[in-house]
Number of protein chains: 4
Amino acid sequence: MSQFSVGVLGATGAVGQKFIRLLENHPWFSVTHVGASSRSAGKPYSEATHWIENVPIDTKVANLNVQDCDPAHFSDVDFVFSGLDSAVATDIEKSFAEAGIPVITNARNYRHFPTVPLLVPEVNPDHISLIKQQTFDPKGKGFIVTNPNCVCVPLVTAIRPIFNKYGVENIVMTSMQAISGAGYPGVPSLDITANVVPYIDGEEGKIGKEPLKLLGKLQDGKINHAKFQVQATATRVPVIEGHLLSVTMTLKEQPASIDELISVWKSWKSPIADLNLPTAPATPVKVYDDPRYPQPRVHAYIENGMQVSVGRIRKAEVMDVSFIALAHNTVRGAAGGAILNAELLVKKNYISK
Amino acid sequence: MSQFSVGVLGATGAVGQKFIRLLENHPWFSVTHVGASSRSAGKPYSEATHWIENVPIDTKVANLNVQDCDPAHFSDVDFVFSGLDSAVATDIEKSFAEAGIPVITNARNYRHFPTVPLLVPEVNPDHISLIKQQTFDPKGKGFIVTNPNCVCVPLVTAIRPIFNKYGVENIVMTSMQAISGAGYPGVPSLDITANVVPYIDGEEGKIGKEPLKLLGKLQDGKINHAKFQVQATATRVPVIEGHLLSVTMTLKEQPASIDELISVWKSWKSPIADLNLPTAPATPVKVYDDPRYPQPRVHAYIENGMQVSVGRIRKAEVMDVSFIALAHNTVRGAAGGAILNAELLVKKNYISK
Amino acid sequence: MSQFSVGVLGATGAVGQKFIRLLENHPWFSVTHVGASSRSAGKPYSEATHWIENVPIDTKVANLNVQDCDPAHFSDVDFVFSGLDSAVATDIEKSFAEAGIPVITNARNYRHFPTVPLLVPEVNPDHISLIKQQTFDPKGKGFIVTNPNCVCVPLVTAIRPIFNKYGVENIVMTSMQAISGAGYPGVPSLDITANVVPYIDGEEGKIGKEPLKLLGKLQDGKINHAKFQVQATATRVPVIEGHLLSVTMTLKEQPASIDELISVWKSWKSPIADLNLPTAPATPVKVYDDPRYPQPRVHAYIENGMQVSVGRIRKAEVMDVSFIALAHNTVRGAAGGAILNAELLVKKNYISK
Amino acid sequence: MSQFSVGVLGATGAVGQKFIRLLENHPWFSVTHVGASSRSAGKPYSEATHWIENVPIDTKVANLNVQDCDPAHFSDVDFVFSGLDSAVATDIEKSFAEAGIPVITNARNYRHFPTVPLLVPEVNPDHISLIKQQTFDPKGKGFIVTNPNCVCVPLVTAIRPIFNKYGVENIVMTSMQAISGAGYPGVPSLDITANVVPYIDGEEGKIGKEPLKLLGKLQDGKINHAKFQVQATATRVPVIEGHLLSVTMTLKEQPASIDELISVWKSWKSPIADLNLPTAPATPVKVYDDPRYPQPRVHAYIENGMQVSVGRIRKAEVMDVSFIALAHNTVRGAAGGAILNAELLVKKNYISK
């Protein structure tokens, strides 16, 4: 397979940088265009960017000239990844889709648009067929696909096996979220050093809403949203990468035993397990028996940050079952998730050269 | 009022050090005896102790000779505080009570002994009358009083006003606990720096059990335990002092509105408000409206670490109400709480000279 | 002594907040006016300010209306403290001095102005007589007094006893500076969590220059600058408050022994020891024998953050002597230092009502 | 080249774990034996070990049975790596060498033994010929090779190019060392969270001594130690991996300019550059121009943790030149350095099958 030529929008931001880092040695995708605000346009990428990743910038990207996020400058790419700020994503992403350029975005703007898939390949790969109903591009080449909020990814991926088997009635959860989730400069060190901030503006609303679309059933070309409720408390902790979730939930049907439920979790097979997507983790949901696991600094980086891990599964005194879930927020929960989405789209022929 | 002469058992440990620090300028109590293991006995306190508080050791205590925890060495004290390790507390505390020396302890060993009060003055001051049924000391002078686990203190203090008015049916909670809760040397820095550990051995059991005794009703000389369940997930976070709780609960009766419930919280009056105990905070439960509050590093030290703070009170999508609670774990949740217990006991004439 | 009425300029910033916190119960000074940028003007202080101190805002200041930093609004004050940003301090401070209002500032703008004292009361109290030569205010009431950079304070205070006795020839030092030194929002948490940044823009220049004026001799109304050189490397570490310095230096004359030198340090008496200034620490330079001390989180808060501490004094293999010094950067090194300056000025009758 | 069979002594400790992790996919070496104290002997490695690396244990090592560190159990290996504690290393390492098994050790015990190379391949590869004079094993097969202390590695590697060209007269330095340098459990979190500890027991002595042997000249089969002095202050900072050094030094000869000196640094070629050793970094000394670099969390992991980085090279006001150096302390400064030593020994035929 020859390389796809890829653009990155919002390339100088934290998510954009993660896209560029993760794509450095990608077997299918090659970054050839980088877009950012007009303030950065015209400068080499390495100059325009306050690089925050802990490996050097991919040399060939470092030397690319940053361009305005105008589809006219991106006519040579096969598709774009978007790490755009939500303040500007609505118009720019639409303009790319209209120009016939597929947009695989991490921005939240189109997540609840009825014909836009909110996609996690291991969770709802069938939702990509929604694309066919998109009307951005009359020629049918341009479209938009989104990935969920960085807390929703570990939540829905973790509960997918359980949701399939027993149904989920209600969820009470507390997230302990890494500072990298707030971008750069993001959280001031004076706010978070040796501290916890028990509030993240706007986060709990997303956690309450996105899982219902993600776990919804596609029927007659429409998503029939799942019906359960999530009571979330989102907190920020002094962790660099990895969002940890403490979850307690009520099931629609009861397992025969907690061991049965754990074995459902451990034996689950991802619907994309046989597609050989380059970024897909071998074990998308890892279940730990050691009660001290998973931990963000220790387990967020396993399988290149693409694994969701689960631990402390136990019968709950209140509601039915409690567990801990973890995912790397800027990889699995953002740029890495979007890259996996793009791989699925290529495999399913929604993107071609 | 002339000074009470006070001994501290387990004086070289983290809790013992906190007792000594907090008692430095106490208007009623003066530390005259310090007890520790035989390894330390005979040495001046300042030599026997790896001092971890961030103020120097009270000079007069620094020069005391450490003694074995044998009541024979403590015959001059009016009572003792115990910061003993639970591995040795059962026998030692009993021997002091039997010798006629009141024991105000932070150890967990006697918390569920039927005639031993598990006491938080603002929550269940009437429970102290249980002491009269203790049989350790035939002369009736020696007894044991305990304070709860450091997570239970903010939990029960925070919900006391709500429990009184509406009743509590069920609780789902996640704690984010400070490293100082594990004593010294305690948590290795390699385990917790920029990390969260989602498990604390033995903690969740205590959180499930102690609140039921604390909020129990004293009837015919017995505690009729409260009836609700707590599903707790205890985690360790890289915070120095201050345990933060994310709590969601079901009430027995519904408030007319969330505003009514908040006003019940804000207008609650502590049952010991008029006793003028020196360590009692002016506002034992502080309710914050700013959704970013309370935070451990910012709010745990207010009112000398004796205030419990509550924030983010809101209607829950699942269950009835969610909130955040915070208390200084080694002051309000341990040594400071025990000192307040002793003050109540003096005021109520259970301890005299 | 009745209270002096005091204004705080730059009151909403990090330094301004520290002034307000430290002055809350000051026996001589009472904050009656708060000045900030026109963006904040007109709002109550509590609304205009993102309060970052870990105690609540002094209630009487919380309700003051913020005013523009125009001397016309401050005609009722006896003097002002300035926590102004250096970008605006030059003109504003001058306008206050010209209007007859003494300015005690933490800003760097006038530190090297020949007639403006760069003042640390324990180090160079005689330098205040420079004020008499200031010409800002023809009536002689308004003037400007500065305090040094937050690294220079512990450096010059620590070496003062040694400088007096042996002279200092050369200094090589590395600072490990707290995040609070960069103000708010200041250092992004992604930059400093579990990290060290080996560079602070502009800092090393100040460290090389200010000590020479501070330790200079006042002769014929002029400061004859001290003559030595400082090779400094300024780094930022994930510490909240307290700048730690690792210093190695060459002396002009050699002590008979390292013990002699240590005893000079320990027996030094501050020139303001007998003035009873309310903010002056009882022991301005504390020498530790324990090689693990001083440490920022443990020792920066002693004597309300006004003590400079010194440790690890030892003979050096290269140059003559090495030691560690520490001071609370936003108290001793900024607002607290300025308050002590004001107290000295009151005592010496440079400020009156 | 077929695989060498390798044993790891002290395999359950922090350094032993790092050996096992780094050797997981090594092209030449395969771990077939793991040795630890008799307490662990007999158990599978995964059970005997409190694993602290943030990737799972290499499966084939996880299942190995731990053995006593007795050469009798290691007769099948081609050589051993030793991560033994210095309390036991002297006798055990000697017994292996005497049994004809080469010992590549990170322990400090034999570093100053006259015939034992203290080896950093990029610094003093010729020192390996000392081995020929070792008399542990009459058959000449067993020997001991050591690598230096984790601070000395970045120090001597960084200054090697400068030492060659200008000579070094004197060094004044402060290290900011990561917590992983103290092993596990190592530094208590209560000691180091948001703090700096300005002392590491025993460290400064090693920093003063080891560089002189490392940079010594091999003449007539003996090391003629280099002659300069190092005044070091060793501090511990809340960083996970990566020791940062702030160095100021006097040179024997002066460069024409600082630019000349920087260009000597940048153009230096490692003496092992052409040997293609698998663990050797492509750029063993990386020089940064950006004054904010290098930083431990950002740059310690580059080239798999084997690169030494240097920054802030500048003319010093006191002495001659100042700079910052960094290396990953448990990789480049310990296990990784030892592995590179073994590779050089294989290449030079000191180890064979």
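Summary of computed values
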quantity	calculated
Matching residues in the range B:38-57 - criterion: being assigned to a loop (DSSP other than H, G, I, E, B), touching a strand residue (DSSP E or B) at 6+ places or on another chain (Cβ under 8 Å) and surrounded by fewer than 18 Cβ atoms within 10 Å (Cβ to Cβ)	B:Ser38, B:Ala41, B:Gly42, B:Lys43
Members of the range C:301-312 that are within 10 Å of another protein chain (Cβ to nearest Cβ) and in contact (Cβ under 8 Å) with a residue 60 or more places away in the chain	C:Tyr301
Yes/no for B:Val77 being farther than 21 Å from B:Thr135 by Cα, touching a residue at least 12 places away in the same chain (Cβ under 8 Å) and of a type in the set (A, V, I, L, M)	no
Selection count where residues are in contact with a strand residue (DSSP E or B) (Cβ under 8 Å, 6 or more places away or on another chain) and among the charged types (D, E, K, R), scope the range D:142-185	2
Verdict on B:Thr193 being among the polar types (S, T, N, Q) and buried (at least 22 other Cβ atoms within 10 Å of the Cβ)	yes
Pairs where the first residue, in the range C:274-300, is within 14 Å of another protein chain (Cβ to nearest Cβ) and the second is in a loop (DSSP other than H, G, I, E, B) and at pLDDT below 95, C-beta under 8 Å, 6+ apart	C:Arg297/B:Asn54; C:Val298/B:Asn54; C:His299/B:Asn54
The lone exception for B:Glu122 - which of (1) touching a Pro at 6+ places or on another chain (Cβ under 6 Å); (2) not in a loop (DSSP other than H, G, I, E, B); (3) not assigned by TED's automatic domain parsing to the domain that holds B:Lys222 it fails	(2)
Selected residue [over 30 Å from A:Gly10 (Cβ atoms), among the charged types (D, E, K, R), out of contact with any Asp or Glu (no Cβ under 9 Å at 6 or more places or on another chain) and within 11 Å of another protein chain (Cβ to nearest Cβ)] from A:Lys315, A:Lys266	A:Lys315
Those residues of the range B:214-244 which are of a type outside the set (A, V, I, L, M, F, W, C), within 14 Å of chain A (Cβ to nearest Cβ), surrounded by 14 or more Cβ atoms within 10 Å (Cβ to Cβ) and outside any strand (DSSP E or B), in sequence order	B:Pro238, B:Glu241, B:Gly242
Output for the range B:7-59, where each listed residue is among the hydroxyl-bearing types (Ser, Thr, Tyr), closer than 21 Å to B:Pro185 by Cα and more than 20 Å from the chain's Cα centre (by Cα)	B:Ser37, B:Ser38, B:Ser40, B:Tyr45, B:Ser46, B:Thr49
Test: residue in the range B:59-82 that is closer than 21 Å to B:Leu214 by Cα and not assigned by TED's automatic domain parsing to the domain that holds B:Asp274	yes
Counted residues, the range B:173-197 - those being without any contact (Cβ under 8 Å) to a residue 60 or more places away in the chain and either away from chain D (no Cβ under 14 Å) or of a type in the set (D, E, K, R) (or both)	1
Odd one out for D:Gly167 among (1) within 21 Å of D:Leu326 (Cβ to Cβ); (2) in contact with a Lys or Arg (Cβ under 9 Å, 6 or more places away or on another chain); (3) not hydrophobic (A, V, I, L, M, F, W, C)	(1)
Identity of the residue in the range D:59-84, in a loop (DSSP other than H, G, I, E, B) and surrounded by 17 or more Cβ atoms within 10 Å (Cβ to Cβ), that ends up farthest from the other protein chains (Cβ to nearest Cβ)	D:Asp78
Single condition D:Ser352 does not satisfy, out of (1) surrounded by fewer than 20 Cβ atoms within 10 Å (Cβ to Cβ); (2) at pLDDT 95 or above; (3) among the polar types (S, T, N, Q)	(2)
Identity of the residue in the range B:15-37, more than 14 Å from every other protein chain (Cβ to nearest Cβ) and assigned to a loop (DSSP other than H, G, I, E, B), that ends up surrounded by the fewest Cβ atoms within 10 Å (Cβ to Cβ)	B:Asn25
Residue that is nearest to A:Gly181 (Cα to Cα), among those in the range A:1-51 that are among the β-branched types (Val, Ile, Thr) and touching a residue at least 40 places away in the same chain (Cβ under 8 Å)	A:Val15
Residue in the range A:332-342 that is surrounded by fewer than 18 Cβ atoms within 10 Å (Cβ to Cβ) and more than 9 Å from chain B (Cβ to nearest Cβ) present	no
Test: residue in the range A:217-238 that is at pLDDT below 95 and at positive phi	yes
B:Ile128 vs. criteria in a strand (DSSP E or B), among the hydrophobic types (A, V, I, L, M, F, W, C) and over 23 Å from B:Leu244 (Cβ atoms)	no
Looking only at the range A:198-211, and only at residues there that are buried (at least 23 other Cβ atoms within 10 Å of the Cβ) and not in a loop (DSSP other than H, G, I, E, B), the one that is farthest from the other protein chains (Cβ to nearest Cβ)	A:Glu210
Test result for C:Lys139, more than 14 Å from chain A (Cβ to nearest Cβ), among the basic types (Lys, Arg) and either part of a helix (DSSP H, G or I) or crowded, with 24+ Cβ neighbours inside 10 Å (or both)	no
Test: C:Val116 is assigned to a loop (DSSP other than H, G, I, E, B), among the hydrophobic types (A, V, I, L, M, F, W, C), in contact with a helix residue (DSSP H, G or I) (Cβ under 8 Å, 6 or more places away or on another chain) and closer than 16 Å to C:Ile223 by Cα	yes
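Results for (1) in contact with a strand residue (DSSP E or B) (Cβ under 7 Å, 6 or more places away or on another chain); (2) touching a residue at least 60 places away in the same chain (Cβ under 8 Å); (3) not aromatic (Phe, Trp, Tyr), shown as yes or no for each residue.
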| position | (1), (2), (3) |
| --- | --- |
| C:Tyr199 | yes, no, no |
| C:Gly205 | no, no, yes |
| C:Lys213 | yes, yes, yes |
| C:Gly221 | no, yes, yes |
| C:Ala226 | no, yes, yes |
| C:Val247 | yes, yes, yes |
| C:Ile262 | yes, no, yes |
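Okay, residues lined up against (1) more than 27 Å from C:Pro117 (Cβ to Cβ); (2) under 22 Å from the mean Cα position of the chain (by Cα):
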| position | (1), (2) |
| --- | --- |
| C:Ile223 | no, yes |
| C:Thr235 | yes, yes |
| C:Thr250 | yes, no |
| C:Val264 | no, no |
| C:Thr279 | no, yes |
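The values are calculated or read from the model by the stated rules, or taken from the named source; none is laboratory data. Source: prediction; values computed, not measured. Don't worry about glycine lacking a Cβ; one is built from the backbone with ideal geometry, like all the others, and counts go over all protein chains shown.
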